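Engineer: This is the structure, below, for whatever I ask next.
The values are calculated or read from the model by the stated rules, or taken from the named source; none is laboratory data. Keep in mind it's a predicted model, so treat the numbers as computed, not measured. Using ideal geometry, Cβ is built from the backbone for each residue, glycine included, and neighbour counts are taken over all protein chains shown. All accessible areas refer to the heavy atoms of the entire protein, side chains included, with ligands and DNA or RNA removed. Shrake-Rupley method; radii C 1.70, N 1.55, O 1.52, S 1.80 Å.
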Amino acid sequence: VQNTSNPIQWSSQPGDPSPISIIVTNPDNSILNGPFSIHEFVNITDGSFTVTNVTLRVDKGFFVNFVNPSNASQIYAQSQPFEVKPPGSTYLL
């Protein structure tokens, strides 16, 4: 939900790469022109991160990617597509 705090949650397995960086992407460059960095050097065993004051535009087709902090083109995991909803909207986990 735009302009609010939103959780990103995940599970990990022993041996998963850590730390990771969290980025948001959208294949439509008219919606998001390149990767948007959420947080760097996240310990994968944390299991969640709360994004505060989401400034992405309201639209569909976004993905959360967990990437190598030294090489963002190396994607370790990718979410299902999601949409950013207008302020005041509800969302389901």
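Engineer: Could you run through segment 50-63 and say how many residues are within 18 Å of Asn3 (Cβ to Cβ) and modelled with pLDDT of 95 or more?
Structural biologist: Number of matching residues: 3.
Engineer: Another question about this same structure. Just wondering, is there one or more residues in segment 40-49 that are touching a residue at least 12 places away in the same chain (Cβ under 8 Å), surrounded by 15 or more Cβ atoms within 10 Å (Cβ to Cβ) and assigned to a loop (DSSP other than H, G, I, E, B)?
Structural biologist: no
Engineer: Could you check Asp16 against (1) surrounded by 11 or more Cβ atoms within 10 Å (Cβ to Cβ); (2) part of a strand (DSSP E or B); (3) not small (Gly, Ala, Ser) and say which number it fails?
Structural biologist: Only one criterion in (1) surrounded by 11 or more Cβ atoms within 10 Å (Cβ to Cβ); (2) part of a strand (DSSP E or B); (3) not small (Gly, Ala, Ser) is unmet by Asp16, namely (2).
Engineer: Please go through (1) hydrophobic (A, V, I, L, M, F, W, C); (2) farther than 17 Å from Pro7 by Cβ; (3) in contact (Cβ under 8 Å) with a residue 12 or more places away in the chain for Val24 and return the number of the only condition it doesn't satisfy.
Structural biologist: In the conditions (1) hydrophobic (A, V, I, L, M, F, W, C); (2) farther than 17 Å from Pro7 by Cβ; (3) in contact (Cβ under 8 Å) with a residue 12 or more places away in the chain, Val24 misses (2) alone.
Engineer: Taking Ser30 as the residue in question, decide whether it is farther than 18 Å from Tyr76 by Cα, in a loop (DSSP other than H, G, I, E, B) and among the small types (Gly, Ala, Ser).
Structural biologist: Judged against the criteria, Ser30 is a match.
Engineer: Here's a follow-up. Just the residues that are open to solvent by 80 Å² or more (accessible area, probe 1.4 Å) and among the charged types (D, E, K, R), please, taken from segment 50-93.
Structural biologist: Those that are open to solvent by 80 Å² or more (accessible area, probe 1.4 Å) and among the charged types (D, E, K, R): Arg57, Lys60, Glu83.
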